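Note sheet for the following structure.
The values are calculated or read from the model by the stated rules, or taken from the named source; none is laboratory data. Here the structure is a predicted model, which is why all the values come from computation and not from measurement. Note: ideal-geometry Cβ built from the backbone for every residue, glycine included; neighbour counts use all protein chains shown.
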Amino acid sequence: MTLREVLQDAARKGYAVGAFNANNLEYVQGIVDAAEAEAAPVIVQASPGAIAYMGLAYIAAVGQVAARANVPVVIHLDHGLDIAVVERCLREGFTSVMYDGSALGFEENVAVTARVVALARSAGASAEGELGRVPAADREWTAAELERLMTDPEQAAEFVARTGVDALAVAVGSVHRMRRQAQQIDVERVSRLRRATGVPLVLHGSSGVTDDSLVAAVKAGVAKVNIATALNLAFTGALSQAVRSHPDEIDPRKLLGPAREAVARAAAAKMRLLGCSGRAGGRAGGVAG
């Protein structure tokens, strides 16, 4: 399915869809297993880093298999930084692409994002843009610093009107690659952005946001929540434990299996928190743990 199709229902009913970054086959399997167990729509994302590591053709092939799941699946490019990558992903069958022009000036961001939207439309796909800046956890950020980076609602309204994006990633207090949950979202700003733009909002850097603040942000208008670091911590933690517990094991499947299961548990927990469990129809059996 396209991002537009999945997020329309989420925005209308007040829940959010989890968008999970996949770095290898085990990630994809764990994410889709969780979505099927939770009867939840799901967005499987590939970042430029994942594309460089796995190769786009391999990601696209795995994505096509994932799309056969019995729940709605969106195959999405996360943080696309140039038109060439966007075009390649669309040719490979991605149903959604994101162009990240947050480092550009406003006018250039508008121009390039509008072009991405046109490319996505011609391929029958959806497009996400970004306005504002979500920083990385390479240092401590003060509340005042984060506020200066946040998305302005009036500017966001102009951006959406001129680009036609299906969803807008906004800066509202989160930080990329945080390993602990400590951040609070500016929920009032989320509400203003939702009213001003009229499109589903996207939260990047959610792994560092407290559960209470994340739930409040969803209620205020966030309909897509990106999740990467939380899965990385689950995967590498389980893999490390498996290696320590079985130092003589040479069958990688027996070491990667627990990591895949940890990804599924982490993804399922986020789906429940975001309120998307049970939204795909059928019975949400749940992932153990």
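Side notes on the structure shown:
- For segment 1-56, filtering for residues that are touching a Pro at 6+ places or on another chain (Cβ under 9 Å), surrounded by fewer than 20 Cβ atoms within 10 Å (Cβ to Cβ) and assigned to a helix (DSSP H, G or I) leaves 3.
- Hits in segment 32-59 (condition: aliphatic (A, V, I, L, M) and within 17 Å of the chain's Cα centre (by Cα)): Val32, Ala34, Ala35, Ala40, Val42, Ile43, Val44, Ala46, Ala50, Ile51, Ile59
- Filtered by the rule that a residue be surrounded by 24 or more Cβ atoms within 10 Å (Cβ to Cβ) and not small (Gly, Ala, Ser), segment 74-92 gives Val74, Ile75, His76, Leu77, Asp78, Val86, Cys89.
- Filter pass, Val218 being in contact (Cβ under 8 Å) with a residue 60 or more places away in the chain and either assigned to a helix (DSSP H, G or I) or of a type outside the set (Phe, Trp, Tyr) (or both): yes
- Residue identified as within 25 Å of Leu256 (Cβ to Cβ), among the small types (Gly, Ala, Ser) and modelled with pLDDT under 95 among Ala67, Ala34: Ala67
- Residues in segment 93-124 that are among the aliphatic types (A, V, I, L, M) and either surrounded by fewer than 24 Cβ atoms within 10 Å (Cβ to Cβ) or more than 19 Å from Asn226 (Cα to Cα) (or both): Ala103, Leu104, Val110, Ala111, Val112, Ala114, Val116, Val117, Ala118, Leu119, Ala120, Ala123.
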